[in-house]
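Before any comments, here is the structure.
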Amino acid sequence: MTIKEIFKLAVQKNASDVHLVVDAAALLRIDGQLVDVEPKKILSKKDIEQMVFSILSEEQKKRFIDDKELDFGYENEDETRFRVNVLYERGNMSLVARVISDEMPTLEDLAMPKVVYDLVNLQQGLILVTGPTGCGKSTTLAAMINHINKNRSCSIVTLEDPIEFMFKHDKSIIIQRQLGADMISFGHGLKHVLRQDPNVIMVGEMRDLETIGATITLAETGHLVLATLHTYSAAQTIDRIIDIFPPHQQNQVRMQLSMTLAAVISQRLVLKIKGGRLAAREILVNTPAVSNLIRENKIAQIKTVIETSSKDGMVSLDHDLKKLYDEKIISKETAQAHMNNPELLEKFRII
């Protein structure tokens, strides 16, 4: 099969990712599990090189050979989009591609709680969507931007690597900038974004000190900023942000976060009983109590605040998993596998 045929099959099979690695069959990730495309067809070094180079432009080939790694967006002949990473491993080329749905996600599609609708109506502040790789962070961000686009008259600027969902102007105008093609770096793009008259700014990933610092500063200047981070919980998110700064700056960053952070939505995908996956979430809203804990560096106590503040729209991961289990959407085994305290499943009562 050609790479275009593999991509087409991935869409037909409702796969989330495609993996091409030397000395292995082409693989699709379906409902979290890797499945062989053609079990008896083992890909050689030459096979992979031909597949990779067939979808790269001459400029992309040069960048890949020079940098040994390349991220880019690719559109197949059926207009399905993919977020592609090509890399070298043990001197061989490999490829991993994320399938991007051609349907713009909505908050309703993702079963977002009411508090998220309130959050995207904010005029300013920092909303972080966090979780491990492949947990649907980009889809959640897209749904939030889509909701703003349909309901508010705003200027929205997104900084992405690469561009995934293609937005169409509705009540808002949306400028989408791609790393490499439209900007040199996230930090460079963020440095100039205020001159682009934004109301809402989306940062595809806060991946380094420069980007994190610039993102927090933008949230201080009266803008609504949405961004992602690879962390597993709300408390860990705050710790990670603070820890990336030098010790002499950490008190200042705590103060900035206590004032600018609006919420942390931490999620992971779990298997449904009837097939497919959905997100289980932990939601932290920055109330005065949370703000005070951040300022005083009492991050460990945030977990307790989440568990006792459902009236403010907060929800713990264990609470959400228990809810999904009670509604017979996920199995007991799935719920317990993702809970922080699985032994509480039988005892935990939803308030």
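With the condition being closer than 26 Å to Gln178 by Cβ, I'd like the strands (runs of 3 or more DSSP E) fully within the stretch 7-86 carrying at least 3 qualifying residues.
Values: elements: 17-20, 27-30, 33-36, 69-75.
Ranges flagged: 17-20, 69-75.
For the stretch 169-203, give me the residue count where each residue is free of Cβ contacts under 8 Å to residues at least 40 places away in the same chain and not hydroxyl-bearing (Ser, Thr, Tyr).
First pass over the stretch 169-203, keeping only residues free of Cβ contacts under 8 Å to residues at least 40 places away in the same chain: 169-177, 181-195.
Subset that is not hydroxyl-bearing (Ser, Thr, Tyr): 169-171, 173-177, 181-184, 186-195.
Residues flagged as free of Cβ contacts under 8 Å to residues at least 40 places away in the same chain and not hydroxyl-bearing (Ser, Thr, Tyr) within the stretch 169-203 amount to 22.
Residues in the stretch 104-123 that are surrounded by 14 or more Cβ atoms within 10 Å (Cβ to Cβ) and part of a helix (DSSP H, G or I): Val115, Val116, Tyr117, Leu119.
Number of residues in the stretch 285-315 that are of a type in the set (S, T, N, Q) and touching a strand residue (DSSP E or B) at 6+ places or on another chain (Cβ under 6 Å): the value is 1. Taking each residue of the stretch 277-300 that is closer than 15 Å to Ile242 by Cβ and looking for partners that are in a helix (DSSP H, G or I) and of a type in the set (Lys, Arg) with beta-carbon atoms closer than 8 Å, six or more apart or interchain, yields Ile294/Arg254; Arg295/Arg254; Asn297/Arg254.
Of everything in the stretch 4-50 that is over 28 Å from Thr334 (Cα atoms) and polar (S, T, N, Q), the residue that is farthest from the chain's Cα centre (by Cα) is Ser44. Of the residues examined, Ile329 is not one that is crowded, with 22+ Cβ neighbours inside 10 Å and either closer than 16 Å to Ile265 by Cα or not polar (S, T, N, Q) (or both).
Every condition in (1) surrounded by 19 or more Cβ atoms within 10 Å (Cβ to Cβ); (2) under 29 Å from Gln267 (Cα atoms); (3) not acidic (Asp, Glu) is met by Met51 except one, and the failing one is (2).
Just one residue in the set His230, His223, His169 is under 28 Å from Glu307 (Cα atoms) and either in contact with a helix residue (DSSP H, G or I) (Cβ under 9 Å, 6 or more places away or on another chain) or crowded, with 16+ Cβ neighbours inside 10 Å (or both); that residue is His230.
Rule-based calculations on the coordinates, nothing more; no lab input. Predicted model only: the values in this text are computed from it and were never measured. Here the Cβ is made from the backbone with ideal geometry for all residues, glycine too, and neighbour counts use every protein chain on show.
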